[in-house]
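Heads up, the thing below is written out as structure tokens.
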Amino acid sequence: MDRILRIDERLAALAKPLMESFDKVFLGPGDILVVCAGFEERAVGVLRQAIQTGTGFKVLIVDYLPPYPDNRIDELLNLCRDSKLEWERVTYDRQNPAGFGEILVRRLPGLPHRVFLDISGMSRLLIVQAIVALRSSGRGFSQCFIAYAEAKSYPPERSVVEKAIAECDRDPLFAALFLSSGVFEVTIVPELSAASLGATQSRLVFFPSFNPDQLTALRLELQPSRYAYIHGIPPSQENQWRTEAIRSLNHLTGCDADFVDCSKEETCGNSAAAACKREEHFKTCTLAYADTIDCLCKIYNKHGLRDRLLISPTGSKMQVVAVGLFRAFVEDVQIVYPTPRIFTEPKNYTTGVGPLHLVPLSAFDSI
């Protein structure tokens, strides 16, 4: 008799929908585009393209609290007015985010209308909340799409980072400040909480970032006994220096032999010795969301029965999409998010609008 697969095994076995690049996306009457008023130029990239080729669709604009002067709420509103689009505005409080995913889903039209979730300017915690709320709603993922605009360039510059790392080596008290700094709090919202029955220890699954305060805050507040680090590998060769730089800033030691490349047919091992290892290191492409889902499934398959898994969605936007899709199905993992206190240079967080991508989510409803 064939064994019935667990839900994480079904998720791992699913042929994940391909991420499709597009120059034109056609939205029409009944469609809805969810867009967030972030401070990056790419926050308006999908809407600008959509109004060139489509008409009659509705725009749901997520405005942020606390407000940043650089947020593009006025630009989004003006684009909707000039194009005579119907629009609605909803506020997301980064310091009080609980329950927002359900609020967002209630604003969406019912089936068969299409929903395009533009994550380009979206908070990482909000991405997870929105995806999980979609799956738990009556709509599910039917006729739902992830829309994503890459940036043209991703600061900080290599020379600036290398100088800061050298200074950190000379002075342990030196604070390297790049895209964001500090942590407001480790945010745990009820809808993304979980109790792992029988777990004897906790394992933090963390995506290292340019803000080392995030890992420090999680270590201090949660005190996990084990760690799984998923290092992001940029798709372009010119940006791949960032992986090692981020690793250095977060003081994560080890050698290349420690890494499991989850884009390849590698295994993280099943021996008792490997299962008890305090730290594990994985790497996935920052743009290949399916590889990150598979990596999370491997970690869960190996440790989910013994450990309480705490997942911190601090990686790239598409890695965070993977966290959202994983948590939408595997409900006994806890999402923890170290909310940044300050965005140091909002105008230089990223620059320009690069390639645009779509991921259709309907295939996930087959699980």
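So is LEU27 modelled with pLDDT of 95 or more, within 18 Å of the chain's Cα centre (by Cα) and in a loop (DSSP other than H, G, I, E, B) or not?
The answer is no for LEU27.
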Note to self: When you check VAL34 against the structure, is it under 27 Å from GLY354 (Cβ atoms) and assigned to a strand (DSSP E or B), yes or no?
What the structure shows: yes
Next item on the list: Please specify each residue of the range 310-329 satisfying the condition of being of a type in the set (Gly, Ala, Ser) and within 11 Å of the chain's Cα centre (by Cα).
Entry: SER312, GLY315, SER316, ALA322, GLY324
Next item on the list: Those residues that are under 19 Å from the mean Cα position of the chain (by Cα), surrounded by fewer than 16 Cβ atoms within 10 Å (Cβ to Cβ) and under 22 Å from VAL189 (Cα atoms), I need them from the range 128-156; list them, please.
Entry: SER136
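Limited to the range 132-169, what total is found for residues that are outside any strand (DSSP E or B) and more than 30 Å from GLU331 (Cβ to Cβ)? Before you say what the answer is, go through the steps one by one.
Of the range 132-169, the ones outside any strand (DSSP E or B) are 132-143, 150-152, 154-169.
Remaining after also requiring more than 30 Å from GLU331 (Cβ to Cβ): 150-152, 154-169.
Total satisfying the criteria: 19.
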Note to self: Cβ-Cβ under 6 Å, sequence separation 6+ or interchain: first residue in the range 2-30 and polar (S, T, N, Q) and surrounded by fewer than 18 Cβ atoms within 10 Å (Cβ to Cβ), partner at pLDDT 95 or above and part of a loop (DSSP other than H, G, I, E, B). Which pairs?
What the structure shows: SER21/PRO355
Margin query: Anything in the range 41-74 that is in contact (Cβ under 8 Å) with a residue 40 or more places away in the chain, within 20 Å of ALA130 (Cα to Cα) and charged (D, E, K, R)? List them, or say none.
Written below: ARG42, LYS58
Checklist line | Yes/no for PRO69 being more than 23 Å from LEU356 (Cα to Cα) and modelled with pLDDT under 95 | finding: yes
Notebook entry, point to check: Regarding ARG219, is this residue crowded, with 18+ Cβ neighbours inside 10 Å, of a type in the set (Lys, Arg) and outside the structural domain of ARG94 (by TED's automatic domain parsing)?
Noted result: no
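For the range 334-356, which residues satisfy the criterion of being modelled with pLDDT of 95 or more, under 16 Å from the mean Cα position of the chain (by Cα) and surrounded by fewer than 22 Cβ atoms within 10 Å (Cβ to Cβ)?
GLN334
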Margin query: Looking at SER83, SER120, can you tell me which residue is touching a helix residue (DSSP H, G or I) at 6+ places or on another chain (Cβ under 6 Å) and either in contact (Cβ under 8 Å) with a residue 60 or more places away in the chain or aromatic (Phe, Trp, Tyr) (or both)?
Written below: SER120
Note to self: Return the residues of the range 178-208 that are buried (at least 22 other Cβ atoms within 10 Å of the Cβ), closer than 20 Å to LYS317 by Cβ and modelled with pLDDT of 95 or more; say none if nothing qualifies.
What the structure shows: LEU192, VAL205, PHE206, PHE207, PRO208
Notebook entry, point to check: Out of curiosity, is ALA164 in contact with a Phe, Trp or Tyr (Cβ under 8 Å, 6 or more places away or on another chain), among the small types (Gly, Ala, Ser) and modelled with pLDDT under 95?
Noted result: yes
Notebook entry, point to check: Within the group LEU77, LEU117, LEU11, which residue is part of a strand (DSSP E or B), not assigned by TED's automatic domain parsing to the domain that holds VAL330 and not polar (S, T, N, Q)?
Noted result: LEU117
Check: Would you call VAL160 more than 30 Å from PHE22 (Cβ to Cβ), surrounded by fewer than 17 Cβ atoms within 10 Å (Cβ to Cβ) and free of Cβ contacts under 8 Å to residues at least 60 places away in the same chain?
Finding: yes
Check: Of the numbered conditions (1) modelled with pLDDT of 90 or more; (2) farther than 19 Å from PRO212 by Cβ; (3) outside the structural domain of GLY101 (by TED's automatic domain parsing); (4) surrounded by 22 or more Cβ atoms within 10 Å (Cβ to Cβ), CYS262 satisfies every one except a single condition; which is it?
Finding: (1)
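The values are calculated or read from the model by the stated rules, or taken from the named source; none is laboratory data. All of these numbers come straight from a predicted model, not from anything done at the bench. Ideal geometry is used to build each Cβ from the backbone, glycine not excepted, and the neighbour counts take in all protein chains shown.
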